[in-house]
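Below is one structure, written out as structure tokens; the observations come after it.
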Amino acid sequence: MVQQFFTMLGELLTGFLGLVVDATSGVVAIFYDETAGFTIYGLFLLIGLALMFLMFAFRMIQSFIAKKG
């Protein structure tokens, strides 16, 4: 009974990881093409991530200055 449980748990985990890998590879194809490089959506994503990190760093610095003063 315990062995059946772990066998079923292993199959569920394997199936779930396969689902995640398939979904990820499908989404990556939207943002990156192996022959042409980044698609326009990929470029927008990179620009958005860069702006997000920049704004995050700016707000962190701003909050440190506000707490100090």
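Read-outs: derived from the displayed coordinates by stated rules, not from any lab. Computed from a prediction, not measured in an experiment: that's the story for all the values here. Reconstructed Cβ throughout: ideal geometry from the backbone, glycine too, with neighbour counts over all protein chains shown.
Taking a ≥ b ≥ c as the square roots of the eigenvalues of the Cα gyration tensor of the chain, is the shape rounded (a/c under 1.5), prolate (a/b larger than b/c) or oblate? Can you show the working numbers first?
Details: a/c = 7.49, a/b = 1.58, b/c = 4.74.
It is oblate, given that a/c is not under 1.5 and a/b is not larger than b/c.
List the residues whose amide H sits under 5 Å from the amide H of PHE38, counting only those 5 or more places along or on another chain, with H placed 1.01 Å from N in the peptide plane.
So PHE38 has HN proximity to ASP33.
Taking 7 Å along the Cα-to-C-beta vector as the label spot, tell me the ILE30-MET60 distance in nanometres, rounded to one decimal.
Each label point lies 7 Å from its Cα, and together they span 2.8 nm.
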